[in-house]
Amino acid sequence: MSTPVPIEVLHNVAANRFEATVDGHLSVCDYAIDESLMIFTHTLVPSELRGRGIAEQLVRAGLAEARAKKFKVVPACSYVAKFIERHAEYQDLLAN
């Protein structure tokens with residue numbers, strides 16, 4: 001995959017998700033907070049947008065927020081789990 005084109009990722013605190021609208025389609029990375037844990041529950045990118053690096057940018061924004069708030073991360077979403085597995089710089093965020 002080529003380098004993703006940067007998109008605007010918004011943190012929708014009220015909805016507990018990171019989101020981006022690209023070409024009229026909404027992509028999201030949902031999470032829940034439990035004390036000092038940020039639990040990533042679901043990542044969705046519409047099929048029309050797949051392969052453009054959108055999920056990666058949503059997850060990076062979410063993990064940056066977790067780090068900034070000093071939360072540990074629970075990757076209940078399989079995409080987030082695989083992303084952290086492949087990117088060692090985020091593995092210190094994993095909850096034990």
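The values are calculated or read from the model by the stated rules, or taken from the named source; none is laboratory data. These numbers were taken from a predicted model, which means no experiment stands behind them. Reconstructed Cβ throughout: ideal geometry from the backbone, glycine too, with neighbour counts over all protein chains shown.
Quick notes on this one:
- Here is the figure for region 8-29: residues that are under 25 Å from VAL74 (Cα atoms) and either touching a residue at least 40 places away in the same chain (Cβ under 8 Å) or of a type in the set (A, V, I, L, M) (or both) total 11.
- When region 31-43 is filtered for residues that are crowded, with 18+ Cβ neighbours inside 10 Å and not hydroxyl-bearing (Ser, Thr, Tyr), the ones remaining, listed by number, are MET38, ILE39, PHE40.
- If the condition is being outside any helix (DSSP H, G or I) and either crowded, with 18+ Cβ neighbours inside 10 Å or of a type outside the set (A, V, I, L, M, F, W, C) (or both), then region 76-96 contributes CYS77, HIS87, ASN96.
- Considered as a group, the residues in region 2-23 that are closer than 15 Å to ARG50 by Cβ and out of contact with any strand residue (DSSP E or B) (no Cβ under 8 Å at 6 or more places or on another chain) include one that is surrounded by the most Cβ atoms within 10 Å (Cβ to Cβ), and that residue is VAL22.
- Applying the set (1) assigned to a helix (DSSP H, G or I); (2) modelled with pLDDT under 95 to THR3 leaves exactly one unmet item: (1).
- Evaluation of VAL73 against the conditions (1) in a helix (DSSP H, G or I); (2) surrounded by 13 or more Cβ atoms within 10 Å (Cβ to Cβ) shows that the sole unmet condition is (1).
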